[in-house]
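Working notes, beginning with the structure itself.
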Amino acid sequence: MNIKYLLPFAVAAVMFGCSDDSSTPAAATDPSATDPTAQTPTDPAATDPAATDPAATDPAATDPAATDPAATDPAATDPAATEPAATDPANPSASTSVNLGPDDYCKVDPAAPSAVAFDATKSYKFYGCELTGRDSYKYGRFEARIKMAATSGTVSSMFLYYDNSYLGEGEKWNEVDIEILGNKPTGMQTNIISGTLEKKVTSEDKPDLGFDATECFHLYGMIWTPEYVAWEIDSVEVRRDSLGMTKAQVEDLTESQSLRFNLWASKTPAWTGAFTGEGLPVEEHIDYVRVYSYDEATKGFNLLWQDDFEGEDLDLNRWAKGNWDMENVKYRTKNIRVENGFAKIRLDFDEVAE
């Protein structure tokens, strides 16, 4: 059974019981997708680091051969195998996650792209895309099960972003990032960007994942509360920034932020590796997205919505598509699609006629 259908019911049940470099904006066709500068890349030199059925009282009493229900019904061996553990309201993902096997994590998508012959003697225009959430949130828990993309020079990401950050002139910049960089898909960059367009404050950290993020699906999470920001991989926390730290970035995250995903190519080879276009196309695949609100009274989280991308297209009441320039690429709306139960963000190229 597809795990993503089991988790929302488990979460809902327990929740009921629990109380980057700037670029000039192109004219956006969708007014809600007007951010041209999210995810400012920073120079690495500037980093700071069974239960059984109660009716079945005793199978041995009615059937002497049924001395052990586990012997005839493997599902009865351990209720945890079919039923998630009780939820911790402060960390719903950790308590409702299921130990998925490699076959589920590493689904083979028959529509996945294969590399196209790249001729360095020809001229190309490169295209990426950004999936932009229409709603903004002040605090919450944000999760997505993703197979990331990477080739030299690329950035594949999930992030929170204050929609007016790019305006400058004293407007606050608020952003929280998860990024897979093209030169090291076995690592992840976590970052908070605060301050302003004119004077950004960053705090990159690059935990090692212990796996190649482009090979399998993994659950990525960002948790934002008034007291801390945390990052998770497969429900395991890998970083936490709290109030009182030297750069005071948690204190500076005062604006509501939208949830976004994108795939693009950087102009900073020291950060992502040199981008040439070889190895394209690549795609970031999103299996599902879950967004939780934060309850300041209980310090817990409540599921607001989940998107499984099961239709023929995006829910355009929830999502918009970016259409601006982002360093080495132009975002175009056709580079994101829904297919086979995934949202797919594509980085590719078109040959430019001489």
Values of log10 I(q)/I(0), in the order q = 0.11, 0.13, 0.19 Å⁻¹, for region 230-338 under a Debye, Cα-only, solvent-free model: -0.57, -0.80, -1.33
Summed residue charge, Cβ within 12 Å of G277's Cβ, Lys/Arg positive, Asp/Glu negative: -3
Extended-chain gain in nm, criterion 0.36 nm per residue less alpha-carbon gap, V116 and D135: 3.2 nm
Among the listed pairs K184/K344; K147/K247; K200/K299, those beyond 23 Å (Cα-Cα): K147/K247; K200/K299
Linear extension gain, A274 paired with E339, 0.36 nm per residue minus alpha-carbon span: 20.3 nm
Inverse mean reciprocal Cα-Cα distance (Kirkwood Rh) of region 156-281, Å: 15.5
Pairwise FRET efficiency - T246 versus E198, Cβ, R0 = 22 Å, nearest 0.05: 0.55
Amide H contacts of W324 (H built 1.01 Å from N, under 5 Å, at least 5 apart or other chain): Y331
Loop-located trypsin sites (Lys or Arg not before Pro) in region 242-305, at most 13 other Cβ atoms within 10 Å (DSSP): K299
Label-to-label distance, nm, for residues given as N164 and Y228 (7 Å Cα→Cβ offset): 3.1
Length added when fully stretched, E310-D205, from 0.36 nm per residue minus Cα-Cα: 34.4 nm
Long-range tail of P(r) for region 146-225 (Cα pairs > 15 Å, %): 59
Pair-distance profile P(r), taking every C-alpha pair of region 289-354, with 5 angstrom steps and integer %: 4, 13, 17, 17, 14, 13, 10, 7, 3, 1, 1, 1, 0
Segments 152-158, 347-353 sorted - mean Cβ within 10 Å per residue, highest first: 152-158, 347-353
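The numbers here are math on the coordinates, done by the rules we state, and not lab data. Model, not experiment: these values are computed from the prediction. Here Cβ is always computed from backbone atoms with ideal geometry, including for glycine, and neighbour counts include all displayed protein chains.
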